[in-house]
Amino acid sequence: MIVNNTTSNPGNQRRPRVIISGGGTGGHIFPALSIADALRSRIDADILFVGAENRMEMTRVPDAGYNIIGLPVAGFDRKHLWRNISVLIKLFKSMRRSRKIIKDFKPDIAIGVGGYASGPTLKAAQKAGIPTLLQEQNSYAGVTNKLLGQKAEKICVAYDGMEKFFPADKIVKTGNPIRKTLLNSQKTIKEARESFGLNPEKTTLLVVGGSLGALTINESLEKGIKKLAENGIQVIWQTGKNFGDRGPLAAKGLKGVVVTPFITDMSSAYKAADLVIGRAGAGSISELQVLGKPVILVPSPNVAEDHQTHNARALSDKGAAVLITDAEAREKLVDATIKLIKDKEELDKMSQEISKMALLDSDRHIVDEVCKIINNRQ
């Protein structure tokens, strides 16, 4: 079987079978679906997702038209170690279920995109002699991927210097796949601002903290939203669902401030913004790089290996972003935002630098590597 750029499957030739495992957050799910879509357009593959039970992939993946099986896996509780007894039991059950999935589905390759489920799934695949590919999104690899990387065929990365985590001969710099909808917007900046009911001529700030919200960023805006408005800055503020009515109450009576728990049209939100404030998840950073958006990054301190700080530094060290720590944000974020957003020359410079870091067509390049591995196995 030779896998190439055609979707045809002549005769009764067996379709390539691909497992994609991972999830937990949009930062893992969106790249996974992008890879699956690119695979489906390239080859006539049978694709199965493996995710974590009760996580968002269990609804997002079927909504995108793919089958998914859930594992009872959960993350380790680093603050309350005694709670990890149940986590270890779930891990044991997940390993056993992963072995059965591999045995029943008989994949030609297993792809790991990060998240709780990818560890047991790819470990089971490697033990069964199935080739694996890792898509490491961050600039600082986690423990699971570092272990899996020793036996992986390829590791697709988005940052330089990843040979300190993985065998150098296995690394391919592909970048992180992003949502295609962000690139397809036909709106002008004027139209994008008007779609949010904002003045098309005024400087606009976009604040995003993920679907759940980022408490530190939200409380910084809650404290300083009036000051931003007084400085003539329009704000699109995504609070996430966990901030309740605190955002709307803080912005009550202020003109040019849009507060919403979730933004459905992110392409217009990005287009409208002169500056973005957000966390430093790998997926969000890749989107900002491709779109060339100046950004203030406030890394979450509540992630494994503090990888968001490493991601943010990879940009700030090159003048492509401003890094403000979570501990400093409540005191510094609003004032730093006002100063930066009024400095058009600095915004233009940041836009140029972050654009230089963009890697386009990442999903296509990852699929190139997948096809090579499948062909070599055949």
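The values are calculated or read from the model by the stated rules, or taken from the named source; none is laboratory data. The shown structure was predicted, so the numbers you read here are calculated from the model rather than taken from an experiment. All Cβ positions, even for glycine, are placed from backbone atoms using ideal geometry, and neighbour counts span all protein chains on display. In case anyone asks, the SASA skips ligands and DNA or RNA and just uses the protein heavy atoms, side chains included. Shrake-Rupley method; radii C 1.70, N 1.55, O 1.52, S 1.80 Å.
For the pair K226 and N67 in one chain, pulling the backbone fully straight at 0.36 nm per residue adds 52.5 nm over the alpha carbon distance. Between E194 and F92, the modelled label-to-label distance comes to 6.4 nm, taking each label 7 Å out from Cα in the direction of the beta carbon. Taking the helices alone, the chain has a mean residue ellipticity at 222 nm of -13500 deg cm²/dmol, built from -39,500 (n - 2.57) per DSSP H run of at least 4 residues and averaged over all its residues. Accessible area per residue was computed with a 1.4 Å probe on protein heavy atoms; C371 scores about 10 Å². The tail of the calculated P(r) for the chain beyond 41 Å holds 16 percent of all Cα-Cα pairs. Note on the chain: GNM, Cα springs under 10 Å; of I69, I285, I19, the largest mean-square fluctuation is that of I69. Scoring 171-179, 144-152 by mean Cβ neighbours within 10 Å over their residues and listing the highest first yields 171-179, 144-152. Averaged over its residues, the chain has an accessible area of 47 Å² per residue, based on protein heavy atoms and a 1.4 Å probe. Taking other residues whose beta carbon is less than 12 angstrom from the beta carbon of Y66, and scoring Lys, Arg as +1 and Asp, Glu as -1, yields -2. Note on the range 222-263: along the principal axes its Cα atoms extend 28, 18, 14 Å, ordered by decreasing extent. Between beta-carbons, use under 10 Å as the cut-off and find the net charge around S185, counting Lys and Arg +1, Asp and Glu -1. Neighbour charge sum, excluding S185 itself: 0.
Gyration tensor analysis over the Cα atoms of the range 216-324 returns equivalent ellipsoid semi-axes of 24, 16, 13 Å (largest first, whole Å).
What list of ³J(HN,Hα) values in whole Hz, one per residue of the range 337-351 in order, does the Karplus curve 6.51 cos²θ - 1.76 cosθ + 1.60 (θ = phi - 60°) give from phi, with Gly and Pro shown as x? In residue order, the calculated couplings are 5, 4, 5, 6, 5, 8, 9, 4, 5, 5, 4, 5, 5, 4, 4 Hz. Net charge of the neighbourhood of A45, taken over other residues with C-beta under 10 Å away and scored Lys/Arg +1, Asp/Glu -1, is +1. Spacing of the modelled spin labels on K151 and K255, each 7 Å from Cα toward Cβ, amounts to 6.5 nm. Taking only the Cα atoms of the range 116-173, the ratio Rg/Rh comes out at 0.94, with Rh defined as the Kirkwood radius. Residues in the range 147-185, backbone N under 14 Å from the label point at K372 (7 Å along the Cα-to-beta-carbon vector): list them, ranges by number please. In the range 147-185, the label zone of K372 (backbone N under 14 Å from the point 7 Å along Cα→Cβ) covers 153-157, 168-175. Taking K190 as the anchor, which aspartates and glutamates have their alpha carbon closer than 16 Å to its alpha carbon, excluding any fewer than eight residues away along the same chain? Within reach: E201, D265, D274.
Comparing the range 13-98 with the 2.2 N^0.38 Å rule of thumb, its C-alpha radius of gyration ratio is 1.24 (two decimals). Simple point charges give the picture: +1 on the Cβ of Lys and Arg, -1 on the Cβ of Asp and Glu, and for the range 149-193 a dipole about the Cα centre of about 320 debye. Taking a straight Cα-Cα cut-off under 14 Å and skipping sequence neighbours fewer than 8 places away in the same chain, the aspartates and glutamates within cross-link reach of K252 are E222, E230. Across the range 90-211, the convex hull enclosing all Cα atoms gives 170 Å³ per residue.
Relative to the longest principal axis of the Cα atoms of the chain, the long axis of helix 215-230 makes an angle of roughly 30 degrees.
Along its three principal directions, the equivalent ellipsoid of the range 260-371 from the Cα gyration tensor extends over semi-axes of 24, 18, 15 Å, largest first. The value of relative contact order for the range 165-313, using C-alpha pairs under 8 Å at least six residues apart, is 26 percent.
Dipole magnitude for the chain: about 1180 debye, using +1 per Lys or Arg Cβ and -1 per Asp or Glu Cβ, origin at the Cα centre. Measure up K241/K349; K180/K349; K223/K293; K151/K318; K241/K342; K271/K349 against 22 Å on the Cα-Cα distance and list the ones that go over. Listed pairs above 22 Å: K241/K349; K180/K349; K223/K293; K151/K318; K241/K342. Pairs from the table (K127/K372; K146/K173; K103/K123; K146/K170) lying more than 18 angstrom apart at Cα are K127/K372. Summing Cβ point charges (Lys, Arg +1; Asp, Glu -1) relative to the Cα centre of the range 25-173 gives a dipole of roughly 700 debye. Computed from Cα atoms, the angle from the helix 362-377 axis to the main principal axis of the chain rounds to 10 degrees.
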